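Visitor: I'd like to ask you about the structure that follows.
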Amino acid sequence: MKYLLLLIITVSLWSCKKENGAAPIPTATTNEYYYPPLTGDTWETKTATSINWDETKLQEAFDYAGTKSSYGLIILHHGKIVKEQYWNSWTKDTKYYIASAGKSVTAFVAGIAQQEGTININNKVSQYLGTGWTSLALAKENLITIKNQLTMTTGLDDGVPDQDCTTPACLIYKADAGTRWAYHNAPYHLVHDVMATASGKTWNAYCKEKLFDKIGMPNALWINHIMWCTTREGARFGSLILSKGKWNGTTLLNDAAYFDAMTNTSQNYNLSYGYLWWLNGKSSTMVPGYQTVFPTALVPNAPADMYMALGKDDKKIYVIPSMDVVVVRLGDNASGNSTLGPSSFDNELWGKLKLAMKY
């Protein structure tokens, strides 16, 4: 409820502002973008002043984050570290769960799986999991596709007591697939089962082979559908996304149509949601747990073209193509109330980063 009030306040403050438009999305070119080696601790840096940022204001943003249960915060520009700081006895090697920010990782790997013919997101889920994976009548169950899972439009009831329960008894009918947006963990978790079944490998093994090993994330792993990694590993993934699926001359995802669909509005209900990615700069947004549509961009203080992997209690991977910037924040609840993804912290942090980055 606190987050709902904050959104309403945001709407009133920004209603007189020009609507955020979709900014052009340039791709960093290989000859100017830096990728750290796959092994070792080497990671080139640059100073804030070298890119005309205000170093004092940047430190103020980090100091603010440090007062909000942040344990790791890193900012990249053109792939190089501009600033990196840790609190709470953390180091660059500390591994932590990233909660629902891992959903965005899943969406990217699903693109690879489709590219390789392992899955087709337009196929019905029952083609991979068999019929009876829900308690729905077969005709209704067969309406649900992998794309519905990726866009939170399965129509399954998100008001069940346990949103993580994936047994058929917990997957009950609320609406036809594709006619309603609702943030629901259980159908998302089953995307992992779909890819594991289709590939003949465990989800951990598949993700390690197709992603983690390719970009230097040796500590990353999944435990009960939740991804764990270091702050720097989160930044590696952000760099991969900023480069539209390319890593140091190697293309992991060459399906441009899938990538564009993943990072743009995926349905007509929540304009701020792609394929398991949150999108800034849209004219309206919805938040987990509610059916209210708010007439505001998700993070008004941030660049309009930013897209985000957002997890419970403020696990964040922000990607800003127009600025060639990646920001990763790991830690615990920063906003005073437990949230599943978006929170007031997003806008507060970007209000300070805006002063530092001068955009």
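Readers should treat all values here as calculations from the given coordinates under stated rules, not as data from a laboratory. Note that the structure is predicted; figures quoted are calculated from it, not measured. Positions of Cβ are backbone-derived with ideal geometry, glycine not excepted, and every protein chain shown enters the neighbour counts.
Visitor: Note down the nm distance, to one decimal, between modelled labels 7 Å out along Cα→Cβ at residue 88 and at residue 175.
Guide: 3.6
Visitor: Residues with beta-carbon under 14 Å from that of residue 256, excluding residue 256: net charge, scoring Lys, Arg +1 and Asp, Glu -1? Walk me through the intermediate numbers first.
Guide: Numbers: positive: 244, 246; negative: 255, 260.
Its environment carries a net charge of 0.
Visitor: Sort 234-246, 286-298 for me by packing, meaning the mean count of neighbouring Cβ atoms within 10 Å per residue, highest on top.
Guide: Values: 234-246: 23.9, 286-298: 18.8.
Highest to lowest by the protection proxy: 234-246, 286-298.
Visitor: Let me ask another. Given an 8 Å cut-off on Cα distances and at least 6 residues of separation, report the relative contact order of the stretch 2-357 as a percent. Kindly include the intermediate steps, with their values, before the conclusion.
Guide: Values: 724 pairs, mean separation 88.8, N = 356.
25 percent.
Visitor: Given a Förster distance of 25 Å, report the FRET efficiency between residue 283 and residue 256 from their Cβ-Cβ distance, rounded to the nearest 0.05.
Guide: Values: r = 25 Å, r/R0 = 1.01.
The computed FRET efficiency comes out at 0.50.
Visitor: Which of the residue pairs 92/316; 174/282; 214/315 have a Cα-Cα distance greater than 19 Å in the structure shown? It would help to have the intermediate numbers written out before the result.
Guide: Working: 92/316 16 Å; 174/282 27 Å; 214/315 23 Å.
Result: 174/282; 214/315 exceed 19 Å.
Visitor: Where does the chain land at 222 nm, in deg cm²/dmol rounded to the nearest 500, when only DSSP H runs of n ≥ 4 count, each adding -39500 (n - 2.57), divided by all residues?
Guide: After summing the helix terms and dividing by the residues of the chain, the value is -8500 deg cm²/dmol.
Visitor: Still on this structure, please answer the following. Would you mind ranking 278, 350, 87, 247 by Cβ crowding within 10 Å, fewest neighbours first? Write out the running numbers ahead of the final one.
Guide: Working: 278 27, 350 23, 87 16, 247 19.
Fewest-to-most Cβ neighbours within 10 Å comes out as 87, 247, 350, 278.
Visitor: Can you put 173, 86 in order of Cβ neighbours within 10 angstrom, beginning with the fewest? List each step's numbers first, then the result.
Guide: Values: 173 15, 86 19.
So the residues, fewest neighbours to most, are 173, 86.
Visitor: Label points 7 Å out from Cα along the Cβ direction at residue 202 and residue 59: separation in nm?
Guide: 4.6
Visitor: What is the spread of the Cα atoms of the chain along each of their three principal axes, largest first, in whole Å?
Guide: Extents along the principal axes, in whole Å: 61, 47, 38.
Visitor: Provide 272, 199 in ascending order of the number of other Cβ atoms located within 10 Å of each residue's Cβ, fewest first.
Guide: Working: 272 25, 199 17.
Ascending number of Cβ neighbours within 10 Å: 199, 272.
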